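K.L.:
Before I ask anything, here is the structure I am working with.
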Amino acid sequence: MPALPLDEAGKYVAGAYVVFFALLLIYVAIMAARLARIDRELAELAELAEKRPERHPDGADAGAHGEARGVAERNVFEAGAEQPSGGVPRG
């Protein structure tokens with residue numbers, strides 16, 4: 001014999017489904033709110049990153065001086081790549 005007659009148990013089963021569905025909706029709402037907050041923060045960080053001036057490892061700002069320096073460093077590197085096959089740098 002079941003603990004509750006089947007005609008009375010239906011109310012409790014329906015109630016359990018309603019509670020489960022309500023908890024599921026609350027969980028989805030919390031996750032959506034967190035996702036929206038993370039999306040806003042990520043957009044704000046991307047905006048800050050775009051506004052921030054480019055910095056070189058030595059701390060110099062990328063401006064006319066920084067760009068000229070980058071070109072000069074690139075030319076030195078390219079010249080260094082054309083060393084003799086011995087691999088020993090000159091002078």
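K.L.:
Using 1/(1 + (r/R0)^6) with R0 = 30 angstrom and r between the beta carbons of LYS11 and ARG37, what's the FRET efficiency to the nearest 0.05?
P.N.:
Numbers: r = 39 Å, r/R0 = 1.31.
FRET efficiency, LYS11 to ARG37: 0.15.
K.L.:
Return the sequence-ordered ³J(HN,Hα) values of the stretch 23-40 in whole Hz as given by the Karplus equation 6.51 cos²θ - 1.76 cosθ + 1.60 applied to θ = phi - 60°, using x for Gly and Pro.
P.N.:
Coupling constants for the stretch 23-40: 5, 5, 5, 4, 4, 5, 5, 5, 5, 5, 5, 5, 5, 5, 5, 5, 5, 4 Hz.
Each reported figure results from applying straightforward, stated rules to the coordinates on display, with no laboratory input. Only a predicted model underlies this, so the values are computations on that prediction, with no experimental measurement involved. Ideal geometry is used to build each Cβ from the backbone, glycine not excepted, and the neighbour counts take in all protein chains shown.
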